[in-house]
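Below you'll find the structure, written out as structure tokens, and then a few comments.
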Amino acid sequence: MMADAESFDVIIVGAGSAGCVLAGRLAERGGLSVALVEAGRRRWPKITTIPAAVTLTFNNPHYDWGFTSEPDPSRDGRTEIWSRGKLPGGSSAINGMIFVRGNPADYDAWAELGAPGWDYRSVLPYFRSLETTGRQDQYRGDLGPLPVSAPPYEFSLTKDFIAATLNAGFPPTDDYNGAHQFGAGVVQANQRRGRRVSAFDAFVAPQLRKGRLRLIEGATTTRILLDGKRAIGIEVRHKGKTRQLLARERVVLSAGAIQSPHLLMLSGIGPAEHLRASGITPVIDMPEVGQNMREHVGVWLGVRVDVPTVNQVVQGLQPIKALAQWLVGKGPATAAMAQAVAFLNLGDPYGRSDLQFHFSPLLFAKELGWRKMVNDRLLAIVPSLNHPRSVGSIELAGPDPLAPPKISPNLLGDPRDIALLGQGIRKAQAIMQAPPFADHVEAQLDPPPADDGDAMAAYIRERAAPLYHPVGSCRMGTDAHAVVTPALHVCGIANLMVVDASVMPAHVSGNTNAVCMMIGEKAAADWATASSACT
Ligand SMILES: Cc1cc2nc3c(=O)[nH]c(=O)nc-3n(C[C@H](O)[C@H](O)[C@H](O)COP(=O)(O)OP(=O)(O)OC[C@H]3O[C@@H](n4cnc5c(N)ncnc54)[C@H](O)[C@@H]3O)c2cc1C
């Protein structure tokens, strides 16, 4: 142990969606010294507050880890960027701001799959205590640190899209985060007056101002320090030096679904054979660390319409106008990535929604690397799978802790996923053809083949893309192979927890930020009482 090692009661690695909520709540309660250790750092001006700045932060090394995935054999060997936030706020600071809790049946399925205490009735109070929505009832909260509401910018076709979903056979819902998820609704976003509010802004910044929490930014954790099978701290690279930080009570990994399993493996906790082959001495053989990774997969369907879309707003001098409007909390720069979302169940065995549809008032150009928008009246409808059967993995690329992990997406490894995505594409086309939205559609770009056979499968393989919602790589459960217990303690290693997207035992029916924040909220509430024993 280094002689000058600083010590804390609790060290949380990763100031992302879950880590910020956990750190902020522990600090608010008091009684523990908490260090929140983050590889990225805050930057000024704080462009992440501008919702439309996602086009500037995506794959930008100052904000985004920008991993490159391994060639995916299930999609013709394609590789792509796997975006992950690298700054205080984590992915919640660079994401599309779409706030979705998932379907109530998601959590009942979690409980059934071996996560007692995570059924809908048990998690609902934590979703409610996170948020301020202007509504306080049995489903929604109005006293939490995170503002959730529709962004001020209203695209002219959003209401027509929602009306068309009804005409295409979707059920109505008055709040997809309330009693009934199925159906379409105007997007709810984590924002206030058109400014993004990340998990860091809502939960950590107020505690930092009160001096109740230590944020160590620009510090990349390279391994967990273990004394036998007990976590006692972490090693970090900080300002060009290697430092050790000691934890008297607990180390918590909140580094996200890619990096939490990576850090476990770098510390000797993982599949023993793979660790040895990668030059790491195993401390404990845990075959499922990094396995079971699920990711939402979708297809961007482009539509040309008869009214201007955000694609045209970003051309010429228009961004300056949009910025001026944003300063007073208005205009297209306040828009979340989607204007509306819709959910449908075509046969999910747990009664969850199996398909989600994003209605986006813009379309990125494939030929311009998916980062630029052409000056045309284009928008996108994006059908995606909520519960893909295909399973990916995270593995070590070698013993170097600063080398990125190997991400194997295998997004369409299970043919049933291709078939369901095909049905999603047909549903999206039904919306395009339904009034009143159909009255504004001039053409579907790059339309799918008319038949649902091999040509459709090839169309999907060529276009299917991740939605940046990986989960499950440190799955919780009560079975022998679960990585963490339902109390989120790593099985077989004392004083070590994982609290982030990686613990989800199954994917959820929607975007993942709200769910990760709920996981942080519940971990904080259960902090003193949850048993660390493995079953
Ligand atoms: C581009 C993009 C768009 C998205 N859009 C949406 C959306 O609109 N709505 C939605 O609900 N979800 C969206 N998501 C997904 C959602 O944001 C994530 O699922 C969620 O934020 C993950 O939370 P987390 O706590 O698991 O990890 P993260 O929020 O990713 O946090 C992990 C943190 O750990 C830090 N870290 C990692 N490794 C280390 C290390 N070795 N040392 C120190 N720190 C480390 C990272 O820098 C990061 O800050 C999007 C994600 C991305 C990337």
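The values are calculated or read from the model by the stated rules, or taken from the named source; none is laboratory data. Predicted, not measured: the structure shown is a model, and the values here were computed from it. Cβ coordinates were reconstructed from backbone atoms using ideal geometry, including for glycine residues, and neighbour counts include every protein chain displayed. Keep in mind that these areas ignore ligands, DNA and RNA; they rest on the heavy atoms of the full protein, side chains included. Shrake-Rupley method; radii C 1.70, N 1.55, O 1.52, S 1.80 Å.
For the reader, a short list of remarks on this structure follows.
- Across the protein chains, with a 1.4 Å probe defining accessible surface, the residues 176, 350 rank 350, 176 from largest area downward.
- Look at the alpha carbon pairs under 8 Å that are at least 6 residues apart: their mean separation over the length of the chain gives a relative contact order of 22 percent.
- Sorted peptide list for 495-504, 447-456, 381-390, 68-77, criterion being average Cβ within 10 angstrom, highest first: 495-504, 381-390, 68-77, 447-456
- Cα gyration tensor, the range 115-175 - rounded (a/c under 1.5), prolate or oblate: oblate
- Separation between Cα centres of the range 113-134 and the range 37-99, rounded to whole Å: 27
- Relative contact order (%) - criterion: Cα under 8 Å, at least six apart; region: the range 432-502: 17
- Compared with the direct C-alpha span, the chain from residue 454 to residue 479 gains 5.1 nm at full extension, assuming 0.36 nm per residue.
- Distance (nanometres) between label positions extended 7 Å along Cα→Cβ at residue 438 and residue 137: 3.4
- Charge dipole of the chain about the Cα centre (unit charges at C-beta), most positive-ward option of 472, 424, 257: 257
- In order along the range 418-427, phi translates into HN-Hα couplings of 5, 5, 5, 5, x, 5, x, 5, 5, 5 Hz, rounded to whole numbers, per the Karplus curve 6.51 cos²θ - 1.76 cosθ + 1.60 with θ = phi - 60° and x for Gly and Pro.
- Considering only 152, 139, 164, the residue lying farthest towards the positive end of the dipole of the range 137-186 is 164, judged by Cα position with unit charges set on Cβ.
- On the beta carbon distance between residue 446 and residue 29, with R0 = 41 Å, the FRET formula returns roughly 0.20.
- Model label points for residue 402 and residue 318, set 7 angstrom from Cα along the Cα-to-Cβ axis, are 4.2 nm apart.
- Euclidean distance of C-alpha centroids, the range 231-268 and the range 328-402, integer Å: 31
- Ranked by the mean number of other Cβ atoms within 10 Å per residue, highest first, peptides 108-116, 9-17 order as 9-17, 108-116.
- Overall form of the chain per C-alpha gyration tensor (a/c, 1.5; a/b vs b/c): prolate
- With R₀ fixed at 35 Å, the C-beta to C-beta distance from residue 366 to residue 229 puts the FRET efficiency at about 0.10.
- For the pair the range 460-520 and the range 158-218, the centres of their Cα atoms are 20 angstrom apart.
- With a Förster radius of 35 Å applied to the C-beta separation of residue 419 and residue 307, the computed FRET efficiency comes to 0.55.
- Mean separation of Cα pairs under 8 Å and 6 or more residues apart, divided by the residue count, gives the range 266-369 a relative contact order of 16 percent.
- Residue-count net charge about residue 9 - beta-carbon cut-off 10 Å; Lys, Arg +1, Asp, Glu -1: +1
- Each Lys or Arg adds one and each Asp or Glu subtracts one; over the other residues with Cβ under 13 Å from the Cβ of residue 488, this totals 0.
- Potential lengthening between residue 175 and residue 281 on full extension [0.36 nm per residue; Cα-Cα distance subtracted]: 33.1 nm
- For the chain, the longest principal axis of the C-alpha atoms and the axis of helix 256-266 are separated by about 30°.
- Under a 5 Å amide H cut-off, with hydrogens placed 1.01 Å from N, residue 67 pairs with 82, 84 among residues at least 5 apart or on other chains.
- Shape category assigned to the range 349-414 from the gyration tensor of Cα positions, a/c cut at 1.5: oblate
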